[in-house]
Every structure is written in C-alpha cells, then in structure tokens.
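Trainee: Below are the structure tokens for one structure; questions will follow.
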Amino acid sequence: DAGVIQSPRHEVTEMGQEVTLRCKPISGHDYLFWYRQTMMRGLELLIYFNNNVPIDDSGMPEDRFSAKMPNASFSTLKIQPSEPRDSAVYFCASTRGGEAFFGQGTRLTVV
Amino acid sequence: GIQVEQSPPDLILQEGANSTLRCNFSDSVNNLQWFHQNPWGQLINLFYIPSGTKQNGRLSATTVATERYSLLYISSSQTTDSGVYFCAVVTSGYKLSFGAGTTVTVRA
C-alpha cells in the first residue's frame with residue numbers, strides 16, 4: 001500500500017481565498033483523522049471519521065473549517081475564507097483500530 | 001482531557017551516545033505510539049506499544065501502562081536520528097493525543 005496520501009504538499013494562498021486539502025487513507029482503514037501542527041499548539045486533532053461518518057469535530061477551530069468524507073477512500077478539509085493564522089501543517093492519518101499512520105502533510109501558508 | 005508530558009524537551013547528543021526519552025500520561029490509555037518527525041516534517045512510525053517492550057534495531061521502547069509511562073531508548077545515536085520524537089496515546093475513539101515532543105540533535 002502507498003500509505004496515506006495527501007495533496008497538495010504545499011499550498012500558498014491569499015487571505016480570504018478558499019483552500020481545500022485532500023486525503024486518501026490506507027485501503028481498509030475505517031478511521032480517518034485530520035490534525036494540525038503549529039509551533040504554538042503542537043499537534044492537535046481537528047476532526048475524525050469512522051466509516052465515513054464524522055464522530056468528533058470538537059477540535060475544528062471555527063465555522064470557517066469544514067471536513068467531509070464522501071467515501072472510504074477520500075476526505076477533504078476545507079477552509080473558507082482562509083486567514084493568515086490558519087498557516088500550519090495539516091496532517092491526515094488513518095487506522096483500522098490499532099496503529100495509526102500519517103500522510104506527509106500539507107504545508108499551508110496564507111498571506 | 002488526558003495530559004501527555006515528554007521529557008526532556010531538548011536533547012543534544014554526540015554521535016555514538018545512548019539516550020532515554022520519557023513519556024508520562026495522566027490517565028489509563030488503550031494504546032501508545034512513538035513517532036519520529038524528521039527534518040522534512042514527516043511523521044515516521046517507530047513503535048506501537050500499549051504495553052511491554054519492543055526493539056527495532058538501535059531503538060527500543062518500553063511501556064508500563066499501570067504506572068502510566070513509556071520510555072524510548074536510542075542506542076549508538078547517529079546524525080540521522082535527529083528530529084523530534086513524539087509520544088501519542090489513545091484514550092477513546094482511537095484518536096491520538098500527542099505530547100509536546102523531545103527535540104533530539106545528534107552531532108557528528
């Protein structure tokens with residue numbers, strides 16, 4: 001398996017623009033997580049899904065953030081409108097109830 | 001929520017030295033993982049170790065769940081071991097709660 005695949009690897013956008021981050025989990029994994037990493041806050045969980053259903057979105061910082069998982073092999077994290085404070089590395093991870101594996105992350109810069 | 005504390009926060013090693021990183025957690029956990037974040041930002045799985053001891057080459061880890069801690073041992077360190085080491089625990093729903101990490105710098 002190719003592991004968890006995220007795209008794009010890097011994204012630079014202007015404040016106010018919509019940003020969509022994408023994730024393909026490992027085949028057969030039924031849990032998918034979105035994390036954000038910043039210097040100030042470290043790695044924090046934003047939202048996670050089980051069998052494509054959002055289970056806990058308490059970590060989503062604001063209504064500007066939304067996440068979807070239309071099927072078992074694809075998830076998106078959308079920020080609309082984006083702000084400079086959203087600049088961070090966003091990681092996607094998946095598991096089937098045991099060891100979790102992370103994608104390479106998307107480095108988002110909002111200018 | 002659960003508190004995950006890692007120590008030391010920073011560690012500078014001479015190549016060839018051994019070291020121990022510690023992870024304390026404040027509540028019972030279902031699982032525990034150690035990760036290495038390399039200088040390129042990738043999170044590399046090191047160990048999945050809810051309890052007991054595991055070894056992988058120069059690295060080994062021990063988790064004593066009843067006493068709420070885990071240790072990561074690095075032996076004969078190499079410059080490629082540099083990076084940030086994270087401990088992460090699972091309490092419910094398989095979601096990982098991360099510690100702040102230990103930044104390891106190995107000098108040649």
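Rule-based calculations on the coordinates, nothing more; no lab input. Just so it is clear, the model here is predicted, and its values are computed rather than measured. Reconstructed Cβ throughout: ideal geometry from the backbone, glycine too, with neighbour counts over all protein chains shown.
Trainee: Could you give me the residue pairs with C-beta distances under 9 Å whose first residue belongs to segment A:91-107 and is more than 7 Å from chain B (Cβ to nearest Cβ) and surrounded by fewer than 18 Cβ atoms within 10 Å (Cβ to Cβ), whose second residue is of a type outside the set (A, V, I, L, M, F, W, C) and not in a loop (DSSP other than H, G, I, E, B) wherever it lies, and which are 6+ apart or on separate chains?
Mentor: A:ARG96/A:TYR31; A:ARG107/A:HIS10; A:ARG107/A:GLU11; A:ARG107/A:TYR90
Trainee: Picking from A:ASP56, A:ASP86, which residue would you name as being of a type outside the set (Gly, Ala, Ser), crowded, with 16+ Cβ neighbours inside 10 Å and over 13 Å from the mean Cα position of the chain (by Cα)?
Mentor: Numbers: A:ASP86 fails: over 13 Å from the mean Cα position of the chain (by Cα).
A:ASP56 is the lone residue from the list that is of a type outside the set (Gly, Ala, Ser), crowded, with 16+ Cβ neighbours inside 10 Å and over 13 Å from the mean Cα position of the chain (by Cα).
Trainee: Out of B:LEU46, B:LEU96, report the one residue that is within 19 Å of A:TRP34 (Cα to Cα) and not acidic (Asp, Glu).
Mentor: Details: B:LEU46 fails: within 19 Å of A:TRP34 (Cα to Cα).
So the residue among B:LEU46, B:LEU96 that is within 19 Å of A:TRP34 (Cα to Cα) and not acidic (Asp, Glu) is B:LEU96.
Trainee: Sort out for me the strands (runs of 3 or more DSSP E) sitting completely within segment A:5-49 that have 2 or more residues that are crowded, with 18+ Cβ neighbours inside 10 Å. Walk me through it before giving the result.
Mentor: On the way: elements: A:5-7, A:10-13, A:19-24, A:31-38.
Output list reads A:19-24, A:31-38.
Trainee: If you don't mind, another one. Taking B:VAL89 and the conditions (1) touching a helix residue (DSSP H, G or I) at 6+ places or on another chain (Cβ under 6 Å); (2) touching a residue at least 24 places away in the same chain (Cβ under 8 Å); (3) surrounded by 13 or more Cβ atoms within 10 Å (Cβ to Cβ), which numbered condition does it fall short on, given that it satisfies the others?
Mentor: Failing condition for B:VAL89: (1).
The rows are residues; the columns are (1) under 16 Å from the mean Cα position of the chain (by Cα); (2) loosely packed, with under 13 Cβ neighbours inside 10 Å; (3) farther than 30 Å from A:HIS10 by Cβ.
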{"site": "B:ILE2", "(1), (2), (3)": "no, no, yes"}
{"site": "B:GLU5", "(1), (2), (3)": "yes, no, yes"}
{"site": "B:LEU11", "(1), (2), (3)": "yes, no, no"}
{"site": "B:GLN14", "(1), (2), (3)": "no, yes, yes"}
{"site": "B:SER19", "(1), (2), (3)": "yes, no, yes"}
{"site": "B:ARG22", "(1), (2), (3)": "yes, no, yes"}
{"site": "B:LEU32", "(1), (2), (3)": "yes, no, yes"}
{"site": "B:HIS36", "(1), (2), (3)": "yes, no, no"}
{"site": "B:TRP40", "(1), (2), (3)": "no, yes, no"}
